[in-house]
1. Could you tell me which of the residues LEU223, LEU174, LEU205 is in contact (Cβ under 8 Å) with a residue 24 or more places away in the chain and in contact with a Leu (Cβ under 7 Å, 6 or more places away or on another chain)?
2. Taking TRP59, is it over 25 Å from SER216 (Cβ atoms) and either in contact (Cβ under 8 Å) with a residue 24 or more places away in the chain or crowded, with 17+ Cβ neighbours inside 10 Å (or both)?
3. For the stretch 77-117, give me the residue count where each residue is closer than 22 Å to ILE268 by Cβ and in a loop (DSSP other than H, G, I, E, B).
4. Can you pull out the residues in the stretch 28-56 that are open to solvent by less than 30 Å² (accessible area, probe 1.4 Å), of a type outside the set (Ser, Thr, Tyr) and assigned to a helix (DSSP H, G or I)?
5. Within the stretch 116-136, which residues are modelled with pLDDT under 75 and surrounded by 15 or more Cβ atoms within 10 Å (Cβ to Cβ)?
6. Report yes if ALA14 is open to solvent by less than 10 Å² (accessible area, probe 1.4 Å) and either in a helix (DSSP H, G or I) or out of contact with any Phe, Trp or Tyr (no Cβ under 8 Å at 6 or more places or on another chain) (or both), otherwise no.
7. Out of all the residues in the stretch 145-156, is one or more modelled with pLDDT of 85 or more and either of a type in the set (Phe, Trp, Tyr) or closer than 30 Å to ARG182 by Cβ (or both)?
8. Looking at ASN64, is it open to solvent by 10 Å² or more (accessible area, probe 1.4 Å), more than 30 Å from GLY270 (Cα to Cα), touching a residue at least 24 places away in the same chain (Cβ under 8 Å) and not hydrophobic (A, V, I, L, M, F, W, C)?
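The values are calculated or read from the model by the stated rules, or taken from the named source; none is laboratory data. Please read all numbers here as calculations on a predicted model, not as lab measurements. As a convention, Cβ positions derive from the backbone with ideal geometry for all residues, glycine included, and neighbour counts pool all protein chains shown. Just so you know, the surface numbers come from the protein's heavy atoms only, side chains and all, with ligands and any DNA or RNA stripped out. Shrake-Rupley method; radii C 1.70, N 1.55, O 1.52, S 1.80 Å.
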Amino acid sequence: MDNATRNGLLFIVASAIGYAMTPIFTKLIYQNSDLVPYDLAFWRFFFAMPVMWLLTITWRRFSNPVKLEKPLPRVVLMLTGFFPVAAAFCAFFALRVMDAGLYVAIFFTYPTMLVLLNLALGQPISGRGWIALVLTMIGVALIVVDFSAITEAAVSVEGFLIGLLNALVVALYLLINERVQRNYPPTVLASAWSMTGALLFVLPLPLITGVQGAPSTEVWLLLIAFGAIATVMPYFGLIMGTQLLGSNRAAIVGTGEPIIAIVLAWLILGETMLFPQLIGAAFIVIGVAVLEVRLSRRKASEVTVSPAN
């Protein structure tokens, strides 16, 4: 394995771990404070944006960045920052009423949502797309079956619906970002501008809803880590990994995110899923892998923009 491939794999794994940590950090913050979703959304992007720019500027200074033939559409990229904020709100509200592992499994229906959105826009679904759709629906059915008679692992209806809404928001984000960045190579600058827009969307929250600070140093550290590890690292890792591996292998390696999230929820939070729910999560992961192979083969040079859930 050459250095470029090894580094690319490390970037993608780091990205997957970062995204998998989103529900973990959210749960830990809820357990150690009385912060609400509005507070988490504000502090997440408040800390993420400067870290993202610091990392972007440092990396570009000491490396050979991708040269752009024309300037990025900065205003449009900042407007796309609305979607990471909306997705974050969905995640924070859903994780108040359901376990992290179940949330991640439901959230990962977003590639299927993307296929359905493209279908609505007139793009036909291929055979692989239908297979992925069926696998995903079977997985969702296994996850949401009411097991309350034998366990406390039942899925909250509210959490399930918000999780699906989160997946829809991310699918819309991917669809719009694909069109915005279609004529540009993958670059961390695009993510930095999108992150800037996300911060601009949450800046009015102190005046509208009020924003609480963390009650302890421990929670402040969790919030800072949330912004750096579960927000900046996934964006940066995916872009760099895609540049080194290509979108094909990067997308397929990234499908391990829900598995990582379920394992981390078990190790850190002590959460467990019933065997049928684990099988449901496996169906969804397989469906995602089928879709990623189909999409990457269709256009190997196309970048799959990461979901900022």
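1. LEU174
2. Judged against the criteria, TRP59 is a match.
3. Number of matching residues: 6.
4. Passing the criteria: ILE29, PRO37, ASP39, LEU40, ALA41, PHE42, ARG44, PHE45, ALA48, MET52.
5. The answer is ILE125, ARG128, GLY129, ALA132, LEU133, THR136.
6. No; evaluated as a whole, the condition is false for this residue.
7. No, every residue in the stretch 145-156 fails to be modelled with pLDDT of 85 or more and either of a type in the set (Phe, Trp, Tyr) or closer than 30 Å to ARG182 by Cβ (or both).
8. No: the conditions fail for ASN64.
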